[in-house]
1. Tally time: how many residues in the range 47-79 are open to solvent by less than 50 Å² (accessible area, probe 1.4 Å), in a helix (DSSP H, G or I) and aliphatic (A, V, I, L, M)?
2. From the list L11, L19, which residue is at pLDDT 95 or above, among the hydrophobic types (A, V, I, L, M, F, W, C), open to solvent by 70 Å² or more (accessible area, probe 1.4 Å) and over 10 Å from the mean Cα position of the chain (by Cα)?
Amino acid sequence: MKNCIACGMPLREKEDYPLGDESKDYCKHCAHEDGSMQTYDEKLESMAAFVIKTQGLNEDVAKKVAAEQLKGLPAWQNQ
């Protein structure tokens, strides 16, 4: 099983991939509508919003948490 290179989500089903394209190495949550991968800044914003929603942290803290999580993922090694 593969994991998304941009957020770490397990890619278990065809539906987990952008546009159902299993050749991609990132998930549908890290893709634009055309199937291309989001930028680091876009992913950071969406990950921070997820942290705020699920953990109730304020925006500054959520961005720090998100950045820490993202830096361990293959897509963002050079960020």
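1. 9
2. Numbers: L11 fails: open to solvent by 70 Å² or more (accessible area, probe 1.4 Å).
Being at pLDDT 95 or above, among the hydrophobic types (A, V, I, L, M, F, W, C), open to solvent by 70 Å² or more (accessible area, probe 1.4 Å) and over 10 Å from the mean Cα position of the chain (by Cα) holds for just one of L11, L19, which is L19.
The values are calculated or read from the model by the stated rules, or taken from the named source; none is laboratory data. These numbers were taken from a predicted model, which means no experiment stands behind them. To get the accessible areas, we keep the full protein, side chains included, count just its heavy atoms, and leave off ligands, DNA and RNA. Shrake-Rupley method; radii C 1.70, N 1.55, O 1.52, S 1.80 Å.
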